[in-house]
Amino acid sequence: ISCKLRNGAKSMSKTEKILDVIIIGGGLVGGLTALLLAKGGIQATVLDATPILDAEKTLAVANPRVLALSQATIHLLKTADVWDNLARQMPYSGMQVWNKNGYGEINFGEQSEQAPNVEQALGSMVEPSILNLAIQKKMLEQVQDYRTQVKVTRIEQGVGVWHVQLSDGTELKTKLLIGADGANSFVRDQAFIGLDILDYKQAGVTCAIRTTQPHQHVARQIFLETGPLAFLPMASLKAEQDGYWQSIVWTLPDDYADEYSSLSDDDFKVLLTRESHHMLGEILEVTPRAKFPLKARAAQQYVKEGLAIIGDAAHVIHPLAGQGVNIGCLDAAILCDVLLHDYKRGVWAHEQTLKRYEHLRKGQNDAMMHGMSAIGWLETTTLSPIVWARNLGLKQVENKAVLKDAFMAQANGLQLLKNTRYAA
(Lines give C-alpha, C1' and ligand atoms only; values in the text may rest on other atoms or scores of the structure.)
Protein backbone atom coordinates (compact mmCIF):
# COMPACT_ATOMS: atom_id res chain seq x y z
CA ILE A 1 0.00 0.00 0.00
CA SER A 2 1.44 3.37 -0.93
CA CYS A 3 2.30 5.92 1.70
CA LYS A 4 0.95 9.33 0.69
CA LEU A 5 2.66 12.28 2.39
CA ARG A 6 0.62 15.43 3.01
CA ASN A 7 1.65 19.09 3.05
CA GLY A 8 5.06 18.48 1.58
CA ALA A 9 6.36 15.97 4.13
CA LYS A 10 9.65 14.49 2.96
CA SER A 11 10.23 10.84 2.08
CA MET A 12 11.50 8.94 5.10
CA SER A 13 14.74 7.01 5.37
CA LYS A 14 15.05 3.77 7.31
CA THR A 15 15.80 5.64 10.54
CA GLU A 16 14.76 9.16 11.46
CA LYS A 17 14.61 11.47 14.45
CA ILE A 18 12.51 10.60 17.45
CA LEU A 19 9.05 12.12 17.03
CA ASP A 20 7.10 13.67 19.91
CA VAL A 21 3.89 11.77 19.12
CA ILE A 22 2.49 9.37 16.56
CA ILE A 23 -1.27 8.83 16.33
CA ILE A 24 -2.34 5.65 14.58
CA GLY A 25 -5.87 6.16 13.25
CA GLY A 26 -7.13 9.34 11.62
CA GLY A 27 -10.87 9.04 12.13
CA LEU A 28 -12.97 11.23 14.40
CA VAL A 29 -11.18 10.48 17.68
CA GLY A 30 -7.65 10.28 16.27
CA GLY A 31 -8.18 13.33 14.08
CA LEU A 32 -9.67 15.35 16.94
CA THR A 33 -6.67 14.44 19.11
CA ALA A 34 -4.22 15.62 16.43
CA LEU A 35 -6.09 18.90 15.94
CA LEU A 36 -6.36 19.66 19.67
CA LEU A 37 -2.65 18.96 20.10
CA ALA A 38 -1.88 21.24 17.14
CA LYS A 39 -3.92 23.97 18.85
CA GLY A 40 -1.64 23.52 21.86
CA GLY A 41 1.56 23.73 19.84
CA ILE A 42 2.30 20.00 19.38
CA GLN A 43 2.46 18.57 15.87
CA ALA A 44 1.60 14.87 15.73
CA THR A 45 2.44 12.45 12.96
CA VAL A 46 -0.88 10.86 11.96
CA LEU A 47 -0.86 7.45 10.27
CA ASP A 48 -4.22 6.52 8.76
CA ALA A 49 -5.07 3.40 6.76
CA THR A 50 -7.90 5.04 4.84
CA PRO A 51 -7.64 7.31 1.76
CA ILE A 52 -8.70 10.93 1.48
CA LEU A 53 -12.42 11.05 0.75
CA ASP A 54 -13.71 12.41 -2.54
CA ALA A 55 -15.83 15.36 -1.42
CA GLU A 56 -18.24 15.32 -4.37
CA LYS A 57 -18.95 11.59 -4.08
CA THR A 58 -19.24 11.71 -0.30
CA LEU A 59 -21.75 14.55 -0.30
CA ALA A 60 -23.86 12.95 -3.02
CA VAL A 61 -24.69 9.87 -0.92
CA ALA A 62 -26.61 9.80 2.36
CA ASN A 63 -24.99 7.51 4.90
CA PRO A 64 -27.76 5.35 6.43
CA ARG A 65 -26.16 5.50 9.87
CA VAL A 66 -25.75 8.64 11.96
CA LEU A 67 -23.78 9.54 15.06
CA ALA A 68 -25.65 11.27 17.90
CA LEU A 69 -23.21 14.00 18.92
CA SER A 70 -23.55 15.43 22.42
CA GLN A 71 -23.07 19.10 23.25
CA ALA A 72 -19.62 18.26 24.63
CA THR A 73 -18.56 16.66 21.33
CA ILE A 74 -19.99 19.59 19.35
CA HIS A 75 -18.06 21.99 21.60
CA LEU A 76 -14.82 20.06 21.01
CA LEU A 77 -15.38 20.04 17.24
CA LYS A 78 -15.91 23.80 17.37
CA THR A 79 -12.72 24.18 19.41
CA ALA A 80 -10.83 22.22 16.73
CA ASP A 81 -12.42 24.39 13.97
CA VAL A 82 -14.14 21.35 12.44
CA TRP A 83 -17.81 22.06 13.13
CA ASP A 84 -18.21 24.84 10.55
CA ASN A 85 -16.83 22.50 7.86
CA LEU A 86 -19.73 20.05 8.23
CA ALA A 87 -21.69 19.97 4.98
CA ARG A 88 -24.88 18.81 6.71
CA GLN A 89 -26.16 17.82 10.14
CA MET A 90 -29.51 17.54 11.89
CA PRO A 91 -29.92 19.10 15.37
CA TYR A 92 -32.54 17.47 17.57
CA SER A 93 -34.51 19.28 20.25
CA GLY A 94 -36.31 16.37 21.90
CA MET A 95 -35.96 12.74 22.98
CA GLN A 96 -38.71 10.23 23.69
CA VAL A 97 -38.08 6.83 25.30
CA TRP A 98 -40.73 4.26 26.19
CA ASN A 99 -41.37 0.54 26.52
CA LYS A 100 -43.83 -1.27 24.28
CA ASN A 101 -45.29 -3.30 27.16
CA GLY A 102 -45.09 -0.63 29.83
CA TYR A 103 -46.97 2.45 30.92
CA GLY A 104 -43.99 4.69 31.65
CA GLU A 105 -42.12 6.92 29.25
CA ILE A 106 -39.56 9.71 29.43
CA ASN A 107 -39.58 12.86 27.33
CA PHE A 108 -36.65 15.26 27.16
CA GLY A 109 -36.78 18.63 25.44
CA GLU A 110 -39.57 19.32 22.99
CA GLN A 111 -40.79 18.88 19.44
CA SER A 112 -39.84 21.51 16.89
CA GLU A 113 -41.26 22.19 13.46
CA GLN A 114 -38.10 24.05 12.42
CA ALA A 115 -34.55 22.82 12.89
CA PRO A 116 -33.41 24.19 16.27
CA ASN A 117 -30.30 26.29 16.68
CA VAL A 118 -27.54 23.82 17.52
CA GLU A 119 -26.56 25.77 20.65
CA GLN A 120 -30.06 25.26 22.08
CA ALA A 121 -30.47 21.68 20.82
CA LEU A 122 -29.92 18.53 22.85
CA GLY A 123 -27.36 17.47 20.26
CA SER A 124 -27.02 16.80 16.56
CA MET A 125 -27.12 13.79 14.24
CA VAL A 126 -24.25 13.64 11.76
CA GLU A 127 -23.37 11.03 9.15
CA PRO A 128 -19.93 9.47 9.83
CA SER A 129 -18.81 10.12 6.24
CA ILE A 130 -19.69 13.83 6.50
CA LEU A 131 -17.83 14.09 9.80
CA ASN A 132 -14.77 12.29 8.44
CA LEU A 133 -14.72 14.60 5.41
CA ALA A 134 -14.63 17.66 7.67
CA ILE A 135 -11.96 16.14 9.94
CA GLN A 136 -9.76 15.29 6.95
CA LYS A 137 -10.09 18.78 5.50
CA LYS A 138 -8.97 20.40 8.72
CA MET A 139 -6.08 17.95 9.22
CA LEU A 140 -4.80 18.69 5.72
CA GLU A 141 -4.67 22.34 6.80
CA GLN A 142 -3.36 21.99 10.36
CA VAL A 143 -1.35 18.75 10.66
CA GLN A 144 2.01 18.95 8.94
CA ASP A 145 2.69 15.19 8.82
CA TYR A 146 -0.66 13.56 7.98
CA ARG A 147 -0.24 10.33 6.03
CA THR A 148 -3.06 8.35 4.48
CA GLN A 149 -3.25 4.84 3.02
CA VAL A 150 -0.52 3.74 5.42
CA LYS A 151 -0.23 0.18 6.65
CA VAL A 152 1.47 -0.34 10.02
CA THR A 153 3.01 -3.82 10.16
CA ARG A 154 4.78 -3.89 13.54
CA ILE A 155 4.89 -1.93 16.78
CA GLU A 156 7.57 -2.59 19.37
CA GLN A 157 8.60 -0.96 22.63
CA GLY A 158 12.19 0.20 22.88
CA VAL A 159 14.16 2.03 25.54
CA GLY A 160 12.24 5.28 26.04
CA VAL A 161 10.65 5.05 22.57
CA TRP A 162 8.18 3.06 20.52
CA HIS A 163 9.24 1.71 17.12
CA VAL A 164 6.59 1.76 14.38
CA GLN A 165 7.28 -0.25 11.22
CA LEU A 166 5.40 0.58 8.01
CA SER A 167 4.75 -1.76 5.09
CA ASP A 168 7.17 0.15 2.85
CA GLY A 169 10.04 -0.55 5.25
CA THR A 170 10.01 2.84 6.93
CA GLU A 171 10.64 2.76 10.67
CA LEU A 172 9.48 5.62 12.87
CA LYS A 173 10.40 6.25 16.49
CA THR A 174 8.28 8.21 18.93
CA LYS A 175 8.23 9.25 22.57
CA LEU A 176 4.45 8.82 22.66
CA LEU A 177 2.28 6.45 20.66
CA ILE A 178 -1.51 6.98 20.67
CA GLY A 179 -3.75 4.18 19.42
CA ALA A 180 -6.98 5.53 17.92
CA ASP A 181 -7.40 2.65 15.49
CA GLY A 182 -10.80 1.29 16.46
CA ALA A 183 -12.33 -1.74 18.12
CA ASN A 184 -9.91 -4.21 16.50
CA SER A 185 -6.94 -2.06 17.50
CA PHE A 186 -3.57 -3.18 16.16
CA VAL A 187 -1.87 -0.84 18.64
CA ARG A 188 -3.64 -2.47 21.59
CA ASP A 189 -2.75 -5.97 20.40
CA GLN A 190 0.90 -5.11 19.68
CA ALA A 191 1.21 -3.49 23.11
CA PHE A 192 -0.15 -6.70 24.74
CA ILE A 193 -3.02 -4.90 26.44
CA GLY A 194 -5.70 -7.35 27.53
CA LEU A 195 -9.32 -7.01 26.46
CA ASP A 196 -12.51 -8.02 28.27
CA ILE A 197 -15.35 -8.88 25.89
CA LEU A 198 -19.06 -9.27 26.59
CA ASP A 199 -20.88 -10.82 23.65
CA TYR A 200 -24.53 -9.73 23.74
CA LYS A 201 -25.46 -12.37 21.13
CA GLN A 202 -27.17 -9.48 19.36
CA ALA A 203 -26.69 -7.47 16.21
CA GLY A 204 -27.67 -3.98 15.18
CA VAL A 205 -29.65 -3.60 11.96
CA THR A 206 -29.41 -0.12 10.50
CA CYS A 207 -30.75 1.72 7.46
CA ALA A 208 -32.32 5.04 6.53
CA ILE A 209 -36.12 5.36 6.27
CA ARG A 210 -38.65 7.92 5.09
CA THR A 211 -41.92 8.21 7.03
CA THR A 212 -45.31 9.77 6.28
CA GLN A 213 -45.14 11.97 9.39
CA PRO A 214 -42.25 14.36 10.15
CA HIS A 215 -39.84 13.56 12.96
CA GLN A 216 -40.16 17.13 14.35
CA HIS A 217 -36.51 16.95 15.43
CA VAL A 218 -37.19 14.31 18.09
CA ALA A 219 -35.04 11.22 18.60
CA ARG A 220 -37.27 8.28 19.52
CA GLN A 221 -36.51 4.91 21.07
CA ILE A 222 -38.99 2.15 21.81
CA PHE A 223 -38.00 -0.93 23.78
CA LEU A 224 -39.47 -4.06 22.23
CA GLU A 225 -39.32 -7.63 23.53
CA THR A 226 -36.44 -8.23 21.12
CA GLY A 227 -34.50 -5.08 21.97
CA PRO A 228 -34.51 -1.29 21.45
CA LEU A 229 -35.54 0.31 18.16
CA ALA A 230 -34.30 3.86 17.61
CA PHE A 231 -35.55 6.43 15.09
CA LEU A 232 -32.90 9.15 14.73
CA PRO A 233 -33.60 12.33 12.70
CA MET A 234 -31.20 12.85 9.81
CA ALA A 235 -30.61 15.43 7.11
CA SER A 236 -32.18 14.78 3.71
CA LEU A 237 -30.54 15.11 0.32
CA LYS A 238 -33.82 16.45 -1.09
CA ALA A 239 -35.18 19.71 0.32
CA GLU A 240 -38.80 18.67 -0.20
CA GLN A 241 -38.25 15.58 2.00
CA ASP A 242 -36.42 17.40 4.78
CA GLY A 243 -37.80 16.38 8.15
CA TYR A 244 -39.07 12.99 7.01
CA TRP A 245 -35.85 10.94 6.92
CA GLN A 246 -34.48 9.02 9.86
CA SER A 247 -31.72 6.55 10.53
CA ILE A 248 -32.83 3.49 12.45
CA VAL A 249 -30.78 1.27 14.73
CA TRP A 250 -32.66 -1.89 15.67
CA THR A 251 -31.00 -4.10 18.28
CA LEU A 252 -32.02 -7.73 17.77
CA PRO A 253 -30.97 -11.25 18.74
CA ASP A 254 -28.61 -12.66 16.12
CA ASP A 255 -31.21 -14.93 14.49
CA TYR A 256 -33.79 -12.12 14.23
CA ALA A 257 -31.16 -9.78 12.79
CA ASP A 258 -30.29 -12.32 10.10
CA GLU A 259 -33.96 -12.78 9.21
CA TYR A 260 -34.93 -9.09 9.19
CA SER A 261 -31.90 -7.93 7.24
CA SER A 262 -32.67 -10.44 4.49
CA LEU A 263 -36.33 -9.38 4.01
CA SER A 264 -37.42 -7.61 0.85
CA ASP A 265 -37.78 -3.84 1.15
CA ASP A 266 -41.58 -4.09 1.03
CA ASP A 267 -41.73 -6.77 3.74
CA PHE A 268 -39.29 -4.84 5.92
CA LYS A 269 -41.35 -1.63 5.59
CA VAL A 270 -44.48 -3.49 6.74
CA LEU A 271 -42.62 -5.11 9.66
CA LEU A 272 -41.01 -1.86 10.78
CA THR A 273 -44.28 0.08 10.57
CA ARG A 274 -46.00 -2.54 12.74
CA GLU A 275 -43.21 -2.95 15.30
CA SER A 276 -42.80 0.81 15.71
CA HIS A 277 -46.54 1.09 16.48
CA HIS A 278 -46.99 3.49 13.55
CA MET A 279 -45.28 6.14 15.68
CA LEU A 280 -44.55 8.19 12.54
CA GLY A 281 -47.10 6.60 10.25
CA GLU A 282 -46.22 4.35 7.35
CA ILE A 283 -42.63 3.65 6.31
CA LEU A 284 -42.55 4.87 2.71
CA GLU A 285 -38.95 4.21 1.73
CA VAL A 286 -35.96 2.25 3.05
CA THR A 287 -32.33 2.11 2.01
CA PRO A 288 -30.29 -1.13 1.94
CA ARG A 289 -29.77 -2.54 5.42
CA ALA A 290 -26.46 -3.10 7.18
CA LYS A 291 -25.86 -5.39 10.14
CA PHE A 292 -23.13 -5.27 12.79
CA PRO A 293 -22.47 -7.57 15.78
CA LEU A 294 -22.86 -6.13 19.28
CA LYS A 295 -20.08 -6.82 21.73
CA ALA A 296 -18.98 -4.71 24.66
CA ARG A 297 -15.20 -4.41 24.86
CA ALA A 298 -13.11 -2.95 27.65
CA ALA A 299 -9.33 -2.70 27.55
CA GLN A 300 -7.79 -3.81 30.84
CA GLN A 301 -5.55 -0.75 30.82
CA TYR A 302 -5.48 2.43 28.76
CA VAL A 303 -1.80 3.26 29.06
CA LYS A 304 1.69 1.80 29.15
CA GLU A 305 4.98 3.64 29.29
CA GLY A 306 4.92 6.06 26.35
CA LEU A 307 1.60 4.70 24.99
CA ALA A 308 -2.11 5.49 25.32
CA ILE A 309 -5.22 4.10 23.65
CA ILE A 310 -8.40 6.10 23.12
CA GLY A 311 -11.87 5.74 21.64
CA ASP A 312 -13.00 2.32 20.42
CA ALA A 313 -9.48 0.98 20.88
CA ALA A 314 -10.09 1.35 24.63
CA HIS A 315 -13.82 0.66 24.91
CA VAL A 316 -16.91 -0.27 22.93
CA ILE A 317 -20.31 0.04 24.62
CA HIS A 318 -23.86 -0.95 23.73
CA PRO A 319 -25.30 1.54 21.19
CA LEU A 320 -28.65 1.97 22.95
CA ALA A 321 -27.77 5.44 24.29
CA GLY A 322 -25.64 6.47 21.33
CA GLN A 323 -22.77 7.50 23.62
CA GLY A 324 -19.87 5.52 22.14
CA VAL A 325 -18.59 8.30 19.89
CA ASN A 326 -19.03 10.90 22.61
CA ILE A 327 -17.00 9.13 25.27
CA GLY A 328 -14.30 8.60 22.64
CA CYS A 329 -14.15 12.35 22.02
CA LEU A 330 -13.97 12.94 25.77
CA ASP A 331 -10.98 10.56 25.85
CA ALA A 332 -9.28 12.73 23.23
CA ALA A 333 -9.99 15.94 25.17
CA ILE A 334 -8.84 14.63 28.55
CA LEU A 335 -5.68 13.08 27.09
CA CYS A 336 -4.79 16.31 25.26
CA ASP A 337 -5.53 18.38 28.35
CA VAL A 338 -3.19 16.43 30.65
CA LEU A 339 -0.47 16.24 27.99
CA LEU A 340 -0.56 19.97 27.21
CA HIS A 341 -0.74 20.86 30.91
CA ASP A 342 2.54 19.07 31.56
CA TYR A 343 4.07 20.21 28.25
CA LYS A 344 3.87 23.80 29.53
CA ARG A 345 5.96 22.67 32.52
CA GLY A 346 8.59 21.10 30.28
CA VAL A 347 7.35 17.53 30.67
CA TRP A 348 6.17 15.34 27.80
CA ALA A 349 4.30 12.02 28.00
CA HIS A 350 5.49 11.24 31.52
CA GLU A 351 4.17 8.00 32.98
CA GLN A 352 2.23 9.87 35.68
CA THR A 353 0.66 12.13 33.04
CA LEU A 354 -0.65 9.13 31.13
CA LYS A 355 -1.81 7.48 34.36
CA ARG A 356 -3.80 10.62 35.13
CA TYR A 357 -5.62 10.28 31.80
CA GLU A 358 -6.37 6.62 32.57
CA HIS A 359 -7.63 7.48 36.04
CA LEU A 360 -9.94 10.19 34.72
CA ARG A 361 -11.44 8.09 31.92
CA LYS A 362 -11.34 4.37 32.59
CA GLY A 363 -13.66 4.27 35.61
CA GLN A 364 -16.26 6.48 33.94
CA ASN A 365 -16.15 4.52 30.70
CA ASP A 366 -16.42 1.16 32.47
CA ALA A 367 -19.39 2.43 34.47
CA MET A 368 -21.07 3.62 31.26
CA MET A 369 -20.48 0.25 29.60
CA HIS A 370 -21.95 -1.74 32.50
CA GLY A 371 -24.81 0.73 32.87
CA MET A 372 -25.82 0.34 29.23
CA SER A 373 -25.66 -3.45 29.56
CA ALA A 374 -27.89 -3.32 32.65
CA ILE A 375 -30.44 -0.99 31.01
CA GLY A 376 -30.58 -3.26 27.99
CA TRP A 377 -31.42 -6.22 30.21
CA LEU A 378 -33.95 -4.28 32.31
CA GLU A 379 -35.82 -3.09 29.24
CA THR A 380 -36.16 -6.53 27.64
CA THR A 381 -36.81 -8.73 30.68
CA THR A 382 -40.33 -10.12 31.20
CA LEU A 383 -39.92 -10.80 34.92
CA SER A 384 -43.00 -9.22 36.55
CA PRO A 385 -41.28 -7.53 39.55
CA ILE A 386 -38.64 -6.02 37.25
CA VAL A 387 -41.27 -4.85 34.75
CA TRP A 388 -43.21 -3.17 37.60
CA ALA A 389 -40.11 -1.47 39.00
CA ARG A 390 -39.00 -0.39 35.53
CA ASN A 391 -42.33 1.23 34.71
CA LEU A 392 -42.42 2.96 38.10
CA GLY A 393 -38.89 4.22 37.57
CA LEU A 394 -39.75 5.67 34.16
CA LYS A 395 -42.75 7.50 35.64
CA GLN A 396 -40.68 8.86 38.53
CA VAL A 397 -38.01 10.24 36.18
CA GLU A 398 -40.66 11.74 33.87
CA ASN A 399 -42.36 13.50 36.79
CA LYS A 400 -39.25 14.76 38.59
CA ALA A 401 -37.53 17.67 36.89
CA VAL A 402 -34.43 17.27 39.04
CA LEU A 403 -33.96 13.68 37.87
CA LYS A 404 -34.45 14.62 34.20
CA ASP A 405 -31.96 17.46 34.59
CA ALA A 406 -29.43 15.04 36.07
CA PHE A 407 -29.88 12.64 33.15
CA MET A 408 -29.42 15.46 30.64
CA ALA A 409 -26.34 16.81 32.41
CA GLN A 410 -24.78 13.35 32.19
CA ALA A 411 -25.78 12.95 28.54
CA ASN A 412 -24.49 16.30 27.27
CA GLY A 413 -21.01 15.63 28.68
CA LEU A 414 -20.12 19.29 29.29
CA GLN A 415 -19.69 18.69 33.02
CA LEU A 416 -16.79 16.31 32.29
CA LEU A 417 -14.92 19.14 30.54
CA LYS A 418 -15.50 21.57 33.41
CA ASN A 419 -11.98 21.45 34.88
CA THR A 420 -10.11 21.30 31.58
CA ARG A 421 -8.88 23.88 29.08
CA TYR A 422 -11.87 22.87 26.92
CA ALA A 423 -14.55 23.91 29.42
CA ALA A 424 -17.56 25.44 27.67
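When the residues of region 211-223 are filtered to those that are crowded, with 19+ Cβ neighbours inside 10 Å and not hydroxyl-bearing (Ser, Thr, Tyr), which remaining residue is farthest from His278 (Cα to Cα)?
It comes out as His217.
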* From the list Ala332, Ala308, Ala313, which residue is over 15 Å from the mean Cα position of the chain (by Cα) and surrounded by 19 or more Cβ atoms within 10 Å (Cβ to Cβ)? -> Ala308
* Asked: Given Ala115, Ala208, Ala134, which one is within 28 Å of Ala296 (Cα to Cα) and either acidic (Asp, Glu) or within 24 Å of the chain's Cα centre (by Cα) (or both)?
  -> Ala208
* **Tabulated pairs, region 343-367, first closer than 23 Å to Gln323 by Cα, second hydroxyl-bearing (Ser, Thr, Tyr), C-beta under 9 angstrom, 6+ apart or interchain** => Tyr357/Tyr302; Glu358/Tyr302; Arg361/Tyr302; Lys362/Tyr302; Asn365/Tyr302
* Given the residues Ile106, Ile135, Ile155, which is the only one that is in a helix (DSSP H, G or I), open to solvent by less than 50 Å² (accessible area, probe 1.4 Å) and either modelled with pLDDT under 95 or closer than 30 Å to Tyr357 by Cα (or both)? -> Ile135
* Asked: Within region 228-242, can you find the residues that are touching a strand residue (DSSP E or B) at 6+ places or on another chain (Cβ under 8 Å) and more than 11 Å from Glu275 (Cβ to Cβ)?
  -> Pro228, Ala230, Phe231, Leu232, Pro233, Met234, Ala235, Ser236, Gln241
* Which residue pairs have Cβ atoms closer than 6 Å, lie 6 or more positions apart in sequence or on different chains, and pair a first residue in region 57-79 that is touching a residue at least 12 places away in the same chain (Cβ under 8 Å) and at negative phi with a second residue that is open to solvent by 20 Å² or more (accessible area, probe 1.4 Å) and outside any helix (DSSP H, G or I)? -> Leu59/Ala87; Ala62/Leu237; Pro64/Thr287; Val66/Leu232; Ala68/Gly322; His75/Ala424
* Asked: List the pairs whose first member sits in region 310-333 and is closer than 15 Å to Leu28 by Cα, whose second member is among the acidic types (Asp, Glu) and at pLDDT 95 or above, and whose Cβ atoms are under 8 Å apart, counting only residues at least 6 apart or on separate chains?
  -> Ile310/Asp331; Gly311/Asp331; Ala313/Asp181; Ala314/Asp331; Gly324/Asp312; Gly328/Asp312
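Hey, can you tell me all the residues within region 177-210 that are surrounded by fewer than 18 Cβ atoms within 10 Å (Cβ to Cβ) and of a type outside the set (S, T, N, Q)?
Matches in region 177-210: Ala183, Asp189, Phe192, Gly194, Leu195, Asp196, Ile197, Leu198, Asp199, Lys201.
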* Structure fact -> Here the qualifying pairs (Cβ atoms under 9 Å; residues six or more apart or on different chains; first in region 28-40 and over 20 Å from Trp348 (Cβ atoms); second of a type in the set (D, E, K, R) and open to solvent by 10 Å² or more (accessible area, probe 1.4 Å)) come out as Val29/Asp312; Gly31/Asp48; Gly31/Lys138
* Structure fact -> Every listed condition ((1) open to solvent by 30 Å² or more (accessible area, probe 1.4 Å); (2) of a type outside the set (Ser, Thr, Tyr); (3) in a strand (DSSP E or B)) holds for Gln114 save (3)
* Just wondering, is there one or more residues in region 320-336 that are closer than 25 Å to Asn184 by Cα, modelled with pLDDT under 95 and not in a helix (DSSP H, G or I)? -> yes
* Only residues that are touching a Phe, Trp or Tyr at 6+ places or on another chain (Cβ under 7 Å) and at pLDDT 95 or above: list them for region 221-249, please. => Pro233, Met234, Gln246, Ile248
* What is the number of the single condition among (1) farther than 25 Å from Ile327 by Cα; (2) open to solvent by less than 50 Å² (accessible area, probe 1.4 Å); (3) among the β-branched types (Val, Ile, Thr); (4) part of a loop (DSSP other than H, G, I, E, B) that Thr174 does not meet? -> (4)
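Can you pull out the residues in region 238-260 that are buried (at least 19 other Cβ atoms within 10 Å of the Cβ) and of a type in the set (Gly, Ala, Ser)?
Gly243, Ser247, Ala257
The values are calculated or read from the model by the stated rules, or taken from the named source; none is laboratory data. All figures in this text were calculated on a predicted structure; none of them were measured in a lab. Cβ atoms come from the backbone with ideal geometry, glycine included; neighbour counts cover every protein chain shown. Ligands, DNA and RNA are excluded from the accessible area calculation, which covers all protein heavy atoms including side chains. Shrake-Rupley method; radii C 1.70, N 1.55, O 1.52, S 1.80 Å.
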